[in-house]
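Report on one structure; see the data block that follows.
Bear in mind that the values in this text are calculations on the coordinates, not laboratory data. Worth saying up front: this structure is predicted, and the values here are computed from it rather than measured. Quick reminder, even Gly has a Cβ in these numbers, built from the backbone with ideal geometry, and neighbours come from all protein chains shown.
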Amino acid sequence: MRYIRSFGRFWWNFIVGDDWRVAVGIAVALGATSLLTHEGVNAWWLMPPALAVITAGSLWRAISRS
Amino acid sequence: MSTSAILIVAGAFLASAVEMVEALTIVLGVGVVRGWRSTLIGVAAASIVLAVLVAALGPALKQVPIETLRLVVGALLLAFGLQWLRKAILRSGGFKALHDEDEVYRQERDQAAAAGKDEKAGLDWYSFTIAFKGVLLEGLEVVFIVIAFGSAQHRLGLAAAGAGAAVVLVLVAGVLARGPLSRVPENTIKFAVGLLLTSFGCFWGAEGVGVDWPGNELSLLAVIAFFSVFSIIVVRALRRRPAALVPAEVKA
């Protein structure tokens, strides 16, 4: 059990890292882009600024902690 | 060679180079103090595991439909790339310690000298496990990037060649330098890798949910430019803030 838990923690840290909100933000941004695309809007313009906002938020949290 | 192909080779090469520099420091620190036999067997064992991962996962991913693959790979690259980019911005802005290979090397040597003798299966177990873990963990990031870059464009060989070239280059440089490659601009390279991972992740992730990028592959350059400008602006803003002075970092 401990092995499974540490194995899971390793992959969580490897992919998600120390700010899970970034992973959630990426999922939301991709979801919103998908919705718009399926409504007939070619939303290529959404992802870059959304990711910039997500990164800025994560940086702000990191700086606030230091 | 297309724009994306060049960027895939560059991304795999740079990511592999920076991770292999870190692995080399760990291996040198252990090998110099405790001897090379068990250390190199650890390196070989980890290399075999990594090669098997690429050989097994690469062809298996060819069976996945390209749109699904690009969405999954794009999302994973974004999660991974934004971590690299975030850390690189914090380092450049003075809010995170710069990576110092000389300090890591000194610590590895001290720990190797202090560790007790433990022989298993005819091997110095400390040397074997430290070398194995070091190469496996640093290499895992490279494998992930190679598979992600290679599979999303069906160019696994190209990405693997870029990463392989970096391994050879770092090995040769390490043998010639007989020490850690502390003069390699690791933090600048990590910044570039973070930008490439994030840009490819953005490009493929959006394509995976049905977006048609204007200008197709050429818009990848625009995405890279966007994140570069964004990063430069943020770094400049951070440098204007009072930051706590941080000592040299010994972990990635």
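In this structure, B:Asp212 and B:Arg37 have a Cβ-Cβ separation that, at R0 = 51 Å, corresponds to a calculated FRET efficiency of about 0.35. Of B:Ser151, B:Ser182, the sequence from fewest to most neighbouring Cβ atoms within 10 angstrom is B:Ser182, B:Ser151.
Which shape class, rounded, prolate or oblate, goes with the stretch B:106-182 when its Cα gyration tensor gives a ≥ b ≥ c as root eigenvalues, a/c under 1.5 marks rounded, and past that a/b bigger than b/c marks prolate? Judged from the Cα gyration tensor, the stretch B:106-182 comes out prolate (a/c at least 1.5, a/b above b/c).
Rg/Rh for the stretch B:40-172 to two decimals, with Rh computed the Kirkwood way over all alpha-carbon pairs. My calculation of the ratio gives 1.04. Taking a ≥ b ≥ c as the square roots of the Cα gyration tensor eigenvalues, chain A comes out oblate, since a/c reaches at least 1.5 and a/b does not exceed b/c. B:Val167 sits among other residues whose Cβ lies under 14 Å from its own Cβ, and their net charge, with Lys and Arg +1 and Asp and Glu -1, is -4.
Measuring r between the beta carbons of B:Leu171 and B:Leu221 and using R0 = 30 Å, the FRET efficiency lands at 0.40.
Rounded to the nearest 20 debye, the dipole magnitude of the protein assembly as shown is 680 debye, with +1 charges on Lys and Arg beta carbons, -1 on Asp and Glu beta carbons, and the Cα centre as origin. Counting Cβ atoms of other protein chains within 10 Å of each Cβ in B:212-220 and taking the mean gives 1. Neighbours of B:Thr198 by Cβ distance under 13 Å: Lys/Arg scored +1, Asp/Glu scored -1, total +3.
Taking a point 7 Å out from the Cα of A:Arg65 in the direction of its Cβ, the residues of the stretch A:15-37 whose backbone N falls within less than 17 Å of it are A:15-25.
Charged side chains reduced to their Cβ positions (Lys and Arg at +1, Asp and Glu at -1) give the stretch B:90-178 a dipole of some 240 debye around its Cα centre. Just checking the listed ones, B:Ile48, B:Ile145, B:Ile224: in the Gaussian network model of chain B with Cα springs under 10 Å, the one fluctuating most is B:Ile48. With θ taken as phi - 60° and the Karplus curve 6.51 cos²θ - 1.76 cosθ + 1.60 applied, the whole-hertz 3J(HN,Hα) list for the stretch B:163-176 is 5, x, 4, 5, 4, 4, 4, 5, 4, 4, 4, x, 5, 5 Hz, x standing for glycine and proline.
Inverting the pair-averaged 1/r between distinct Cα atoms of the stretch B:1-115 gives 17.4 Å as its Kirkwood hydrodynamic radius. Between B:Ala131, B:Ala160, B:Ala112, the Gaussian network model of chain B with springs among Cα atoms under 10 angstrom shows the greatest mean-square fluctuation at B:Ala112.
Partner shielding of B:225-232 amounts to 2, given as the average count of beta-carbon atoms from other chains within 10 Å of each residue beta-carbon. Comparing B:Ala46, B:Ala56, B:Ala163 in a Gaussian network model of chain B, where Cα atoms under 10 Å apart are tied by springs, the biggest mean-square fluctuation is seen for B:Ala56. Taking trypsin sites (Lys or Arg not before Pro) across the stretch B:1-105, the ones in a DSSP loop with at most 16 further Cβ atoms lying within 10 angstrom of their Cβ are B:Lys62.
Spacing of the modelled spin labels on B:Leu98 and A:Leu35, each 7 Å from Cα toward Cβ, amounts to 4.5 nm. Once both axes come from the Cα atoms, what is the angle between helix B:125-152 and the longest principal axis of chain B, in degrees from 0 to 90, rounded to 10? That helix lies at roughly 10 degrees to the long axis. Peptide B:49-57 is shielded by partner chain Cβ atoms: per residue, an average of 0 of them sit within 10 Å of its Cβ. Legend: ranking of residues A:Met47, A:Met1 from fewest to most surrounding C-beta atoms inside 10 Å; resulting order A:Met1, A:Met47. Residues B:His99, A:His38 in ascending order of nearby Cβ atoms (within 10 Å, fewest first): A:His38, B:His99. Each residue, B:Arg241 and B:Ile66, gets one label point 7 Å from its Cα in the Cβ direction; the gap between the two is 4.2 nm.
Once both labels are positioned 7 Å from their Cα atoms along Cα-to-Cβ, the gap between B:Val52 and A:Trp12 label points is 2.7 nm.
The P(r) of the protein assembly as shown has a tail past 24 Å containing 56 percent of all C-alpha pairs.
What's the Cα-based Rg to Rh of chain B, Rh via Kirkwood? Checking Rg against Rh, the ratio lands at 1.01.
The overall shape of the stretch B:104-252 is oblate: from the C-alpha gyration tensor, with semi-axes ordered a ≥ b ≥ c, the ratio a/c is 1.5 or greater and a/b is no larger than b/c.
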